[in-house]
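J.: Below you will find the structure I want to go over with you.
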Amino acid sequence: MPDSVLEIIHGLSLTRSEDEIAEVVSQAVRTLLHADGATLALRDGDHFYYARGEAVSPLWKGRRLPMNGCIAGWCMTNGQIAASADIRRDSRMLAEIYRPAFVRSLAVAPVGAGAPIAALGAYWSEQHQPQPEELDRLQAIADGAGLAMANLHRANTGHPDASIPSSAPGERPVRDRVPLGPAIEGFLYRGLRPNSLQAYAFALGCLLVATMLALGLQAAGVSGLVGGAFFFPAVLLALLVGGSRSGAAAAAFGGVALYYFLMEPPWSFSPPTASDVIDLAIYAGSSALMVLTVRSYKRMVQNLKQEDARHLILALEQQHRAKNAVVVAEAIVRGGLETDPVQARIINQRIRAAFADVDIHLRSRRIRMPSLLNQELEPFDLARFDLKGDDETALIPEVSSIFTLAVHELATNALKYGALSVPDGRVELAWRIADGQATIFWRETGGPPVSRPEKTGYGTLLLGRLVRAAGGELVISFPATGATAQISLWLDGKRSPD
């Protein structure tokens, strides 16, 4: 069982199904929170159902309830963590749900940013008051589960958007219709569990297809066939999908099929000729090289996944520390302005708005442009910005994070040197979608006269590199009336829409 958040994130990065995600997080909750039980509840339109439970006695696996019928539904609806030291005295609890179970205390965290798609619960058989550090751990595990489910959905559909579509109230979830190419890419990426019965069955199926194709061409009178050419694709597919052992098994049985069905005389195990031995040796050597190459490739991919897991846990840790710093700063402000609570509240609102910039970079779902700009610009006084554009414009995380950095850099420079450095200065910020690209336009007015700086700042240089790396375009100019900028990025986060 995982005994650290890092191991949990690592385990989640290797999952290939919702059941595996539920298994990892349920075991993690019981271990890290010393809970007597854990469940993962998945949203299903205006209902939810318990996908899995790990507990000292049976819980509610498979049970389906309305969203307003239990604390898990409340948690998903409100997007907030919930805790109860005594469920018997909590009005959010349905007595008939918990009475047959051992549960006395619980904590439930939403899974998925923005619109939660699930809820992760921890349960105790004796009265227990969940502590803040326990709630933080539960939410960190839930955040990891949300990212894993979003990545699973992206691998299943091939869509650049990592979010999971939610069903309308009263509707059953509907799977997206996925183009064949991305679906095959997702299958090859996820693969099957190595050394499983399914992996060997898949290898056998690839061999059968290759053998039938070779025999069909042979029966059609096609001459000059190179037998190994039919089995190499089968071996490669078995390696990519089922792992090295199933690939090696496919190579071995492919060699037998090649010798028995395709070498003269066919359909017999007659003594091989020197030419047959050479052909079989070339086939065996090529197959061995293929197995070693794919095995090395998969090891490299595994290392990259582990590195991604490490970066994620570091990012979550930084986010947690930033939240703690915000709490401390707010306490200092309230203590220093006890005689002026209105001013203290205004300052604390600005502090929380500034923290939203830290929080947005860990977003795993689409975000609408107005929401992104409001969060990012609130510390700079939203009243001084004129926002123009389609309110329904939504961006994937890869694009929204770059736009966030761009707006922050431009607003910071405007505050130091441009329109926001004087009381009457204003900024017009517009956006549009055209030809597969999202473009934002920044124009400052009413500020001091500006001119092109002699040296480009580090923030602007970094922003330019990020935009160009994403295949986008950044243009900044400095007319005397105020700085202007135009940033364009592909909506799918790629270099081109093709």
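J.: Go through (1) farther than 23 Å from LEU292 by Cα; (2) modelled with pLDDT of 90 or more one by one and return the number of the condition PHE253 breaks.
T.: It fails just one condition, (1).
J.: Can you tell me which residues in region 25-61 are β-branched (Val, Ile, Thr) and either surrounded by fewer than 18 Cβ atoms within 10 Å (Cβ to Cβ) or modelled with pLDDT under 85 (or both)?
T.: Within region 25-61, THR31, VAL56 qualify.
J.: Which members of region 399-428 meet the condition of being of a type in the set (Lys, Arg) and surrounded by 17 or more Cβ atoms within 10 Å (Cβ to Cβ)?
T.: The one that is of a type in the set (Lys, Arg) and surrounded by 17 or more Cβ atoms within 10 Å (Cβ to Cβ): ARG426.
J.: Please enumerate the residues belonging to region 375-408 that are without any contact (Cβ under 8 Å) to a residue 60 or more places away in the chain and part of a loop (DSSP other than H, G, I, E, B).
T.: Matches in region 375-408: ASP381, GLY389, ASP390, ASP391, GLU392, THR393.
J.: Restricting the search to region 485-498, which residues are surrounded by fewer than 18 Cβ atoms within 10 Å (Cβ to Cβ) and modelled with pLDDT of 90 or more?
T.: GLN486
J.: In addition: Only residues that are open to solvent by 10 Å² or more (accessible area, probe 1.4 Å) and within 23 Å of ASP19 (Cα to Cα): list them for region 125-144, please.
T.: The answer is ARG137, GLN139, ALA140, ASP143.
J.: A follow-up question, please. Looking at this structure, is PRO110 open to solvent by less than 30 Å² (accessible area, probe 1.4 Å), at pLDDT 70 or above and within 18 Å of LEU147 (Cβ to Cβ)?
T.: Judged against the criteria, PRO110 is a match.
J.: It is to be established whether one or more residues within region 399-411 are touching a Gly at 6+ places or on another chain (Cβ under 6 Å), closer than 21 Å to SER477 by Cα and at pLDDT 90 or above.
T.: no
J.: Is it the case that HIS10 is open to solvent by 50 Å² or more (accessible area, probe 1.4 Å) and either at pLDDT 75 or above or on the phi > 0 side of the Ramachandran plot (or both)?
T.: no
J.: Given THR293, THR211, which one is closer than 30 Å to ASN195 by Cβ and either acidic (Asp, Glu) or exposed (fewer than 13 other Cβ atoms within 10 Å of the Cβ) (or both)?
T.: After applying the criteria, what remains is THR293.
J.: For region 369-398, which residues satisfy the criterion of being surrounded by fewer than 21 Cβ atoms within 10 Å (Cβ to Cβ), over 21 Å from the mean Cα position of the chain (by Cα) and among the acidic types (Asp, Glu)?
T.: GLU378, ASP381, ASP386, ASP390, ASP391, GLU392
J.: Give region 437-455 a look and list any residue that's open to solvent by 70 Å² or more (accessible area, probe 1.4 Å), part of a loop (DSSP other than H, G, I, E, B) and either under 21 Å from GLY389 (Cβ atoms) or of a type outside the set (D, E, K, R) (or both), or say none.
T.: Hits for region 437-455 are PRO449, SER451.
J.: Still on this structure, please answer the following. Regarding region 466-489, can at least one residue be identified that is among the acidic types (Asp, Glu) and within 18 Å of PHE385 (Cβ to Cβ)?
T.: Scanning region 466-489, I find no residue that is among the acidic types (Asp, Glu) and within 18 Å of PHE385 (Cβ to Cβ), so the answer is no.
J.: I would also like to ask the following. Would you say SER105 is of a type in the set (S, T, N, Q), open to solvent by less than 30 Å² (accessible area, probe 1.4 Å), more than 17 Å from the chain's Cα centre (by Cα) and modelled with pLDDT of 65 or more?
T.: yes
J.: Only one of (1) under 30 Å from ALA150 (Cα atoms); (2) open to solvent by less than 70 Å² (accessible area, probe 1.4 Å); (3) at pLDDT below 90 is not met by ARG465, so which one is it?
T.: (2) is the only condition that ARG465 fails.
The values are calculated or read from the model by the stated rules, or taken from the named source; none is laboratory data. In this text, all values refer to a predicted model and were calculated from it rather than measured experimentally. We place every Cβ from the backbone using ideal geometry, glycine too, and count neighbours over all the protein chains shown. Calculation scope for accessible area: heavy atoms of the full protein, side chains included, ligands and nucleic acids excluded. Shrake-Rupley method; radii C 1.70, N 1.55, O 1.52, S 1.80 Å.
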